């Protein structure tokens, strides 16, 4: 039984790491493309033109619904995070891993000793997970396979929040916050 739990936790950690890397890379790439509207890349130029003409005039809220995880906020010192959360599984200079149960874990990323990003995974089967409404303040349309993804940027607050849910019978919900 202990071996199965260990394997399960290792699988969850791998999924958490891959999801986080995917999110960070995809946001980084899209941010670079958007930041350069005069790009010589025709694909980027077309996307920028399309975004300018099809962007709705709905104001994005300046105050995020999701502002912390168990009292941990962006910019908090690493030692404060460790003291507040406990359950430290792996400690590092740039990243800590916290495992709270078989259905909940968190990765906290640091830049110069301060929290730069927070990514929390919830295994939905047998556990509770936040809804898109509780994270983003609005519903997210599920894809046909049941998966979901939405990212909201809060420029005034200085960070973005993403909600991701995998497909399948035991989906994993990942909630990520990162400084812009």
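Just so it is clear, none of the values below were taken in a lab; they were calculated from the coordinates. Since the structure is predicted, the reported quantities are computational estimates derived from the model, not experimental observations.
Assuming a ≥ b ≥ c are the square roots of the Cα gyration tensor eigenvalues, decide whether segment 80-180 counts as rounded (a/c under 1.5), prolate (otherwise, with a/b larger than b/c) or oblate. The shape class here is oblate. A straight chain from residue 151 to residue 88 at 0.36 nm per residue would run longer than the Cα-Cα distance by 19.9 nm.
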